[in-house]
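To start, the structure itself, in structure tokens.
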Amino acid sequence: MNKIFIILLIIILNLFSFITLNASENIKIKIGLLVPLSGDNYEIGKQIVKATRLALKDINSDKIEIFPRDTRSDPNTTLKVANELKQMGINLIIGPVFYENLINLEEVKDVTFLSFTNKTLDLPKNVISTGVNSTSQLNTIKKFIDQNEIRKTIFLTPNLDYDLEIRKGIKESKIKKLKQYFYDIEPTKLTKQIEKITNYEIRKQNLFDEITRLENSDDPNKESKIKNLEKRYTIGNVNFDSVIIADFDESLKSVITSLLYTDVSPKEKYFITFNQWFDESLLTESASQPIYYPSINKKNLEQFKKKFFIQFNENPNHLSLLSYDLVGLIFYLSLKNSISDINKAFKAKNSFKGKIGIFDIENNRINHRLNFYKIEEGMLKKIF
């Protein structure tokens, strides 16, 4: 009789486990999506929504549901719709897009936000920055510097609101710097500052003094030597091997122009900058080459752009690729964790290979392992 009871108990327990397992498999993961779907930034939000739909299609699982909401790029609206999503039982939200919209989100208890921002300072405790931050970029730059045994590196950073992010990235990456300089982006002020950094006036005077010395000398070859010197702008070296310019677009080009004006050449010193998202205009700037920068995996980006265009007949922005990867990341974590523990998974040490590259997750932070590129002779080349 006892044996029959034990057998029946085992059967009931196994049946209960089977029912519970199947029930958990049928529970959908509800993900909120906070993006601008009206106003000036409507196009950004629209493309992010499309990218998440593409991710769901590629995952080919009905386990995940996404609920987009319009933030109107406004902090108060962001808070309102975040609370609405929470009332629906959603505790994991992709977004918002802009750093300025994060300020009220700590009020939304027990909800984790995967924001698109690449800023990591002064974030609410429940917000994870998923953008390509300065630490990720400087970790990659440090790898290149170490491989090439570059000893003297200076930083050029604009006097803008992300200079503290750069300082944090320098500290966390443990990159060795000779000195960090901050410059004004106004062109005339910038040039004067670069002249001072590169000791331009002293080096220019050295050239003048050397020409004068030769003119007053008995050197039989002085005419040819003077002729060669007159082709130059300065004499004397600068006290650095590489320069890291934490700037973008036209402002970056202004800094490079000022360096060239002060007779500092990328053919003699390493010109390194931050992620330029494969800005094609840099390919035509022959005087600025070679120039180096970290970025996401370009091959994967091109494949994603092609797939996105086929699906939607338009080209995606770079945040679209990030949103695509975030859906994949959540699905990946759901395979390793129970639905109730997905939020906790961002505190544990995990790695995930997405289209952007590898995400390293730990202590509610995401860093990216990036590739490193070189532009030379009008061509983009992958270093690693």
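Out of all the residues in the stretch 211-237, which are assigned to a loop (DSSP other than H, G, I, E, B) and polar (S, T, N, Q)?
Of the residues in the stretch 211-237, the ones assigned to a loop (DSSP other than H, G, I, E, B) are 216-221, 230-237.
Scanning the stretch 211-237 gives Asn216, Ser217, Asn221, Thr234, Asn237.
Pairs, please: C-beta under 8 Å, at least 6 apart or cross-chain, first residue charged (D, E, K, R) and in the stretch 232-244, second part of a loop (DSSP other than H, G, I, E, B)?
Arg232/Asp263; Asp241/Ile150; Asp241/Arg151; Asp241/Lys152; Asp241/Lys269
How many of the residues making up the stretch 350-384 are among the polar types (S, T, N, Q), more than 17 Å from the chain's Cα centre (by Cα) and at pLDDT 95 or above?
Of the residues in the stretch 350-384, 0 are among the polar types (S, T, N, Q), more than 17 Å from the chain's Cα centre (by Cα) and at pLDDT 95 or above.
Which is buried (at least 20 other Cβ atoms within 10 Å of the Cβ), assigned by TED's automatic domain parsing to the domain that holds Thr112 and part of a loop (DSSP other than H, G, I, E, B), of Ile356, Ile330, Ile361? Steps first, please.
Working: Ile330 fails: part of a loop (DSSP other than H, G, I, E, B); Ile361 fails: part of a loop (DSSP other than H, G, I, E, B).
Only one candidate passes the filter, namely Ile356.
Residues that are of a type in the set (Ser, Thr, Tyr) and not in a strand (DSSP E or B): does the stretch 100-116 have at least one? If you could, list the steps in order and put the result at the bottom.
Looking only at the stretch 100-116, we keep the residues that are of a type in the set (Ser, Thr, Tyr), and these are 112, 115.
The next check asks that each one be not in a strand (DSSP E or B); those that pass are none.
No, that holds for no residue.
Quick one: in the stretch 202-253, which of the residues that are farther than 30 Å from Leu160 by Cα and acidic (Asp, Glu) is nearest to the chain's Cα centre (by Cα)?
Among those that are farther than 30 Å from Leu160 by Cα and acidic (Asp, Glu), it is Glu230.
Could you identify the single residue in Phe240, Phe208 that is among the aromatic types (Phe, Trp, Tyr), in the same structural domain as Pro266 (by TED's automatic domain parsing), closer than 22 Å to Leu260 by Cβ and not in a helix (DSSP H, G or I)? Don't jump to the end; show me each part of the working.
Working: Phe208 fails: not in a helix (DSSP H, G or I).
Phe240 is the lone residue from the list that is among the aromatic types (Phe, Trp, Tyr), in the same structural domain as Pro266 (by TED's automatic domain parsing), closer than 22 Å to Leu260 by Cβ and not in a helix (DSSP H, G or I).
Can you find a residue in the stretch 276-285 that is buried (at least 21 other Cβ atoms within 10 Å of the Cβ), touching a helix residue (DSSP H, G or I) at 6+ places or on another chain (Cβ under 7 Å), touching a residue at least 12 places away in the same chain (Cβ under 8 Å) and not aliphatic (A, V, I, L, M)? Working first, answer last.
Step one: filter the stretch 276-285 for residues buried (at least 21 other Cβ atoms within 10 Å of the Cβ), giving none.
Looking through the stretch 276-285, none of the residues is buried (at least 21 other Cβ atoms within 10 Å of the Cβ), touching a helix residue (DSSP H, G or I) at 6+ places or on another chain (Cβ under 7 Å), touching a residue at least 12 places away in the same chain (Cβ under 8 Å) and not aliphatic (A, V, I, L, M).
From the set of residues in the stretch 286-313 that are out of contact with any helix residue (DSSP H, G or I) (no Cβ under 7 Å at 6 or more places or on another chain) and not in a helix (DSSP H, G or I), which is farthest from Phe359 (Cα to Cα)?
Looking at residues that are out of contact with any helix residue (DSSP H, G or I) (no Cβ under 7 Å at 6 or more places or on another chain) and not in a helix (DSSP H, G or I), I get Gln289.
Can we say Ala82 is among the small types (Gly, Ala, Ser) and more than 23 Å from the chain's Cα centre (by Cα)?
Considered against the rule, which asks whether it is among the small types (Gly, Ala, Ser) and more than 23 Å from the chain's Cα centre (by Cα), Ala82 comes out as yes.
The values are calculated or read from the model by the stated rules, or taken from the named source; none is laboratory data. Every value quoted in this text rests on a predicted model; they were computed, and no experiment measured them. Reconstructed Cβ throughout: ideal geometry from the backbone, glycine too, with neighbour counts over all protein chains shown.
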